[in-house]
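Worksheet for the structure shown next.
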């Protein structure tokens, strides 16, 4: 059933508005004043795993995949926000954005939308994800370091991601 808001929205915004409406309706906690999202945390990685990632080589399977699966894939999974950012596979994550900007620029987090959008305003949101617990500064530091190290994402099952169960 289409809502009046979706009928009035430009076609490219309809999937985003629908996903946002579903996500906001599913949110059972009240966000802090002035925020679209829940408070920061809890961290996805243990302190030891985060320190290992920030001091050495970031492991996709041990450090990056858990962050993407728990904080990003609930929306950016190829079905919830169709045509937006799909982080469910290496192939789709490295595709350029609809505007042609690179989403992940190996070696350059400052040009990577994956890092820039959660850090800066993402559409009208001030933090990611817009529903649920926000990315922590530690999560963002691990993603930044992973991109700076070339954003290695293994092919096959080692690089497969799945959102957490609802």
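The values are calculated or read from the model by the stated rules, or taken from the named source; none is laboratory data. Computed from a prediction, not measured in an experiment: that's the story for all the values here. FYI the Cβ positions are ideal-geometry reconstructions off the backbone, even for glycines, and counts take in every protein chain you see.
Residues in region 134-150 that are under 15 Å from the mean Cα position of the chain (by Cα), surrounded by fewer than 23 Cβ atoms within 10 Å (Cβ to Cβ) and part of a loop (DSSP other than H, G, I, E, B): 136 alone. The set of residues in region 70-87 that are closer than 17 Å to residue 146 by Cα and outside any helix (DSSP H, G or I) contains only 87. Applying the set (1) touching a helix residue (DSSP H, G or I) at 6+ places or on another chain (Cβ under 6 Å); (2) more than 18 Å from residue 42 (Cβ to Cβ); (3) at pLDDT below 85; (4) buried (at least 18 other Cβ atoms within 10 Å of the Cβ) to residue 128 leaves exactly one unmet item: (2).
Filtered by the rule that a residue be outside any loop (DSSP other than H, G, I, E, B) and touching a helix residue (DSSP H, G or I) at 6+ places or on another chain (Cβ under 9 Å), region 52-69 gives 52, 53, 54, 60, 61, 62, 63, 64, 65, 66, 67, 68. Annotation: of all residues in region 96-114 being modelled with pLDDT of 90 or more and part of a loop (DSSP other than H, G, I, E, B), the one that is surrounded by the fewest Cβ atoms within 10 Å (Cβ to Cβ) is 107.
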